[in-house]
Amino acid sequence: SPTAGAGAAALSVLTASFLALPVSTTQCIVGATIGVGLCNGSLKAINWRMVGWSMFSWVLTLPVAGVLAGLIYALLTRGPNFVSPPYTPYNATAPAF
């Protein structure tokens, strides 16, 4: 049942937090859902298409985050400069009339 999957995921996250282990909540939920589906005794109880999409998103997350971070960094470091040069009210070397 979905309740058992949520309970297993919550238990996994709480146990890992207690042991100070870094875990992903999403991975715990997907793993618990697969585990509960396997407890039914049939591989057909699992929505494999959704599991595939979840894994695809995990693989795609790091490269997309890296490219976006690089683009934002390039924009901020090499983008338009809104700081004007210091203002000098007069030229100190020119003769005053």
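The values are calculated or read from the model by the stated rules, or taken from the named source; none is laboratory data. Just so it is clear, the model here is predicted, and its values are computed rather than measured. Virtual Cβ from ideal backbone geometry, glycine too; neighbours counted across all protein chains shown. Protein only, heavy atoms only, side chains kept; ligands, DNA and RNA dropped before computing areas. Shrake-Rupley method; radii C 1.70, N 1.55, O 1.52, S 1.80 Å.
Before moving on, here are some points about what is shown:
- Those residues of region 41-54 which are in a helix (DSSP H, G or I) and in contact (Cβ under 8 Å) with a residue 12 or more places away in the chain, in sequence order: 51, 54
- Answer residue from region 73-97, given it is assigned to a helix (DSSP H, G or I) and open to solvent by less than 100 Å² (accessible area, probe 1.4 Å) and is modelled with the highest pLDDT among those: 74
- Under the condition of being out of contact with any helix residue (DSSP H, G or I) (no Cβ under 7 Å at 6 or more places or on another chain) and either at pLDDT below 80 or open to solvent by less than 30 Å² (accessible area, probe 1.4 Å) (or both), the residues counted in region 31-40 number 0.
- Selection within region 14-29 - at pLDDT below 85 and open to solvent by less than 50 Å² (accessible area, probe 1.4 Å): 24, 28
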